[in-house]
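Asker: Below you'll find the structure I mean.
The values are calculated or read from the model by the stated rules, or taken from the named source; none is laboratory data. None of the values given here were measured: they were computed from a predicted structure. Note: ideal-geometry Cβ built from the backbone for every residue, glycine included; neighbour counts use all protein chains shown. Heads up: the accessible areas ignore ligands, DNA and RNA and are worked out on the full protein's heavy atoms, side chains in. Shrake-Rupley method; radii C 1.70, N 1.55, O 1.52, S 1.80 Å.
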Amino acid sequence: MGAFFRSEEVCLVQLFLQSGSAYNCVSELGELGLVEFRDLNPNVNSFQRKFVNEVRRCEEMEKTFSESLTSDLHTIRSESIPIWDIHQASSTYPHFLFDNLHLMSTCSLTPLPLSFSAHLLSLLHPSIRPSVHRLLRSFISPPHLSFSSSLSPHVSGYFFPSRVFFRLLPSFVAGVVHPWKVPSFERLLWRACRGYIIVDFREMEESLELPETGEMVQWTVFLISFWGEQIGQKVKKICDWLVRADPKCSIHIIRMVLILFVWILIYSVFIKPLPSLHGFPQVLSQTEHYLQQLLCRSMSVLPQWKVRVQKCKAVQAVLNLCSPSVTDKCLIAEAWCPVRKLLLLQSALIEGTRKNGSGVDSFYNRLPDPSTTPPTLFHTNSFTAGFQSIVDAYGVARYREVNPAVYTIITFPFLFAVMFGDVGHGLLMTMAALWMVLQERDLNLRTNDNEIWQMMFGGRYLILLMGLFSIYTGAVYNECFSKGLSPFPSGWHLQPMFQHYNWTDETLRENQYLTLDPNVTGVFQGPYPFGIDPIWRLANNHLTFLNSYKMKMSVIIGVVHMTFGVCLSFFNYIVFLVLIPELLFMQCLFGYLVFMVLLKWVVFSPQDSDLAPSILIHFIDMFLFTENEDNPPLYRGQMIVQRVLVVVALASVPVLLLGKPLYLYYNHRRRANTRGVRGGRERERERESERERERKTGIGTDVFMHQAIHTIEYCLGCISNTASYLRLWALSLAHAQLSEVLWVMVMRISLSWQGYVGSVVLAVIFSFFATLTVSILLVMEGLSAFLHALRLHWVEFQNKFYSGTGYKLNPFSFSSILNPV
């Protein structure tokens, strides 16, 4: 609770990361989520930083996974081959990551119909085998092998070295192109590659439908054979340009599929020539089965590789924030870290160095008090997160400032319940919130994309407390769906009135309303045990009584709430020059008003209530220094006490206005006078620290202006804010009247019907009544009460002690990057 009452203590550390182990050290810090890195290269363009190429490669791989592989996974069969667990995904070192992911990126196949593959195989007809044979002889020329058309059948595939196999992979480009683009495509390839390629086109026998337009197109299949990386780059660029120029053209860069084709070609050309194309359907079937297995494996691996790429990208982005040392042997970083986690920081650096196997350890150095204000860090859980969000929406607490969320846990639901008090409505709200609390581990509810649902689910504990407090205040108001409850007998009795005034049944029939005299013995036997007496619902002055009661209770709650906020400034301000004048001003005026209300309730009973004076007139006479003879005093010496309180309140204003600036100025001059003769460097250091202290404490000409604005705002705000709490009375009255209107004009109609027809009418009207109750009284009225309670906390309460000018500590954490919600 101590770290929740104030921001956790944070310090600035300087990290010295060895070049070899920097990646692993930052990765360990990302797993723990300890520190927030600062940018040490603010003037360097993001495209000129050291690790920008690694970040760009990670972005390209993310794009490959999200666009290509994701579309392929929808075409595979249901069987899958699990390989890795996504929760075991780690931020692999980038060199190994890029090498492994390069093979996966070659598997980014766009769904290719089987007919395309058939036409690709048809290109391997014996009529073109001599040219392909010459091409293969130029590719594969190890000294211990000689190729000829009559190669011995005993030569098997394993005689070919693995490097020859991978050299064949980038030497083939196959795909399909729109027939209108064939001439320009062939002409461009010939001019760019100067004839150092082998290109063949074949028209498909069957037409296929374009998914975008529904047009039936007879595609043209092409196969390009080339040698050399420069020619391959030209071919790839031409194919990419054709795709961008005409989205209808579907060019597929196929490598993994051609692996099997190349081996079939080698087998058919050098080992056992295929007599015809009759065996190709079996080849196509085997190829399709191989692709299914490959994509099943890709589906199993894809989530983990996505996580690895995201982690690698995040680590490289952090390394871009670091500054290289003079010798370029280590990276220097600065970060904010909680003081109580410095040991955990050191252990993370040691673990990162151990994983890399480096002989030189990375370490940190705690810097002295920084020039910038440290960030704010509050540790929250699922219960306190909703209340902290309410405070942060107003403004993040300044470093080491009092956190209002601690007290908002109680005050916010209570102020809401004062405006929303009803046992039935509070019970419905509590049941809904309790269901969300019990289902908080449900992944479907937690990952719902609806913003309104996310807001409600995140504040489920807040809604639960609002419902419970509403049940309590509804019991105090004695209201349940606008109907009164009678758990205890009433304190008012009618029988003594019959005996004292000789009332008869005829008297009851002739008079709609009769007055109960509390001076008659036995009529009033004491207050109701809890809440408002239910007999008041039968009185014609019921609304007048409730208005008076709720209005005075609103003023009492408001003054107590604001006084508590002023007392919390004890932890933020200069006590005797800010807190004491503010308390005297508020308590001498509005605290005295609350005192008079409570004194009137205690002193005057129902028997002598007609002799009670008017508090409003007394409060007006207090400021005018006058005495009204028609309004008797509440106690002896009331006028003297009131005049003294007004004088004290007025005298506290100049103290509040000039006390803090003069105090700061006096301390500043005293430090300047007591400063002895020192050396040049020490004197300059002292001046620098003095200027920094002046900037923090606000010593200067503008401090008087700020304090004057604060004094005027506080004095006028005490009046306006006290009146603002009357919204508790207004909203409570509106909610009670709406609930009563809904019962009288909707539900009571169905109760007048009898028999079977009455049952049907009751069922229909009750459904209509329930719908209106949920939509109007729970949703609309609940949202209105929520917004008014929010306003009372932001303006009337937090304005007394809370500045909200800080910023959050956002530690570098993989969990927050992978799960931003």
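Asker: Sticking to Cα atoms, compute the Rg of region 774-821 to one decimal and its Dmax as the biggest Cα-Cα distance, whole number, in Å.
Answerer: Here Rg and the maximum Cα pair distance are 17.4, 44 Å.
Asker: Given the Cα-Cα distance of residue 720 and residue 754 and 0.36 nm per residue of separation, how much length would full extension add, in nm?
Answerer: Additional length available on full extension: 6.8 nm.
Asker: Might you tell me the accessible area per residue for region 430-469, computed with a 1.4 Å probe and given in Å²?
Answerer: Details: 2620 Å² over 40 residues.
Accessible surface, normalised per residue, equals 66 Å².
Asker: Can you give me the % of accessible surface on region 704-821 that is carbon or sulfur? Probe 1.4 Å, all protein chains present, nothing else counted.
Answerer: Its accessible area is 74 percent carbon and sulfur atoms.
Asker: Identify, among 567, 554, 603, the residue whose Cα sits farthest towards the positive end of the charge dipole of region 554-677, taking +1 on the Cβ of Lys and Arg and -1 on the Cβ of Asp and Glu, with the dipole about the Cα centre.
Answerer: Ranked along the dipole, the leading option is 567.
Asker: With charges only on Cβ, +1 for K and R and -1 for D and E, what is the dipole size of region 465-607 about its Cα centre, in debye, rounded to 20?
Answerer: Numbers: 6 positive and 7 negative charges, 61 e Å.
It comes to approximately 300 debye.
Asker: Using the charge dipole of region 718-821 (Lys, Arg: +1 at Cβ; Asp, Glu: -1 at Cβ; taken about the Cα centre), state which of 815, 784, 724 has its Cα farthest towards the positive end.
Answerer: Final value for the positive-end residue is 815.
Asker: Label residue 213 and residue 443 with points 7 Å out from Cα along Cα→Cβ: what is the distance between them in nm?
Answerer: 4.3 nm
Asker: Among 487-495, 530-538, how do they line up from the highest to the lowest mean number of other beta-carbon atoms within 10 Å?
Answerer: Values: 487-495: 14.1, 530-538: 16.3.
Output ranking for 487-495, 530-538: 530-538, 487-495.
Asker: How many angstrom separate the Cα center of region 757-821 from the Cα center of region 580-640?
Answerer: Comparing the Cα centres of region 757-821 and region 580-640, I get a distance of 38 Å.
Asker: Another one. Set the Förster radius R0 to 22 Å, insert the Cβ-Cβ distance between residue 607 and residue 630 as r into 1/(1 + (r/R0)^6), and round the FRET efficiency to 0.05.
Answerer: About 0.50, to the nearest 0.05.
Asker: What does the extension gain come out to for residue 394 and residue 648, with contour length at 0.36 nm per residue minus their alpha carbon separation?
Answerer: Full-extension gain reported as 88.1 nm.
Asker: Could you give the nm distance between label points at residue 340 and residue 542, where each point is 7 Å from its Cα heading toward the beta carbon?
Answerer: 5.4 nm
Asker: Apply 1/(1 + (r/R0)^6) to the Cβ-Cβ distance of residue 434 and residue 774, taking R0 = 25 Å, and write down the FRET efficiency to the nearest 0.05.
Answerer: E between residue 434 and residue 774, to the nearest 0.05, is 0.95.
Asker: When the accessible area of region 345-413 is split by element with a 1.4 Å probe, what percent falls to carbon and sulfur?
Answerer: Looking at region 345-413 in its full context, I get 53 percent from C and S.
Asker: OK, next. At a 10 angstrom cut-off on C-beta neighbours, averaged per residue, how do the peptides 652-660, 636-644 rank from highest to lowest?
Answerer: Sorting 652-660, 636-644 by mean packing, highest first, produces 652-660, 636-644.
Asker: Something else now. Report the one residue of 375, 365, 397 whose Cα lies farthest in the direction of the positive end of the charge dipole of region 343-432 (charges on C-beta: Lys and Arg +1, Asp and Glu -1; origin at the Cα centre).
Answerer: 365
Asker: For labels at residue 372 and residue 818 in the simple 7 Å Cα→Cβ model, what's the distance in nm?
Answerer: 2.9 nm
Asker: For residue 807 and residue 233, what is the calculated FRET efficiency with R₀ set at 60 Å and r taken between the beta-carbons, to the nearest 0.05?
Answerer: Once the sixth-power term is evaluated, E becomes 0.80.
Asker: Using the Cβ atoms and a cut-off under 14 Å, what net charge is assigned to the surroundings of residue 560, where Lys and Arg are +1 and Asp and Glu are -1?
Answerer: +1
Asker: Figure the gain on full extension for residue 493 and residue 44 (residue separation times 0.36 nm, minus the Cα-Cα span) and round it to one decimal in nm.
Answerer: Extending this stretch completely gives an extra 153.1 nm.
Asker: Summing +1 for each Lys or Arg and -1 for each Asp or Glu, what net charge is found among the other residues whose Cβ lies under 11 Å from the Cβ of residue 802? The partial results should precede the final answer.
Answerer: Numbers: positive: 398, 800; negative: 401.
In short, +1.
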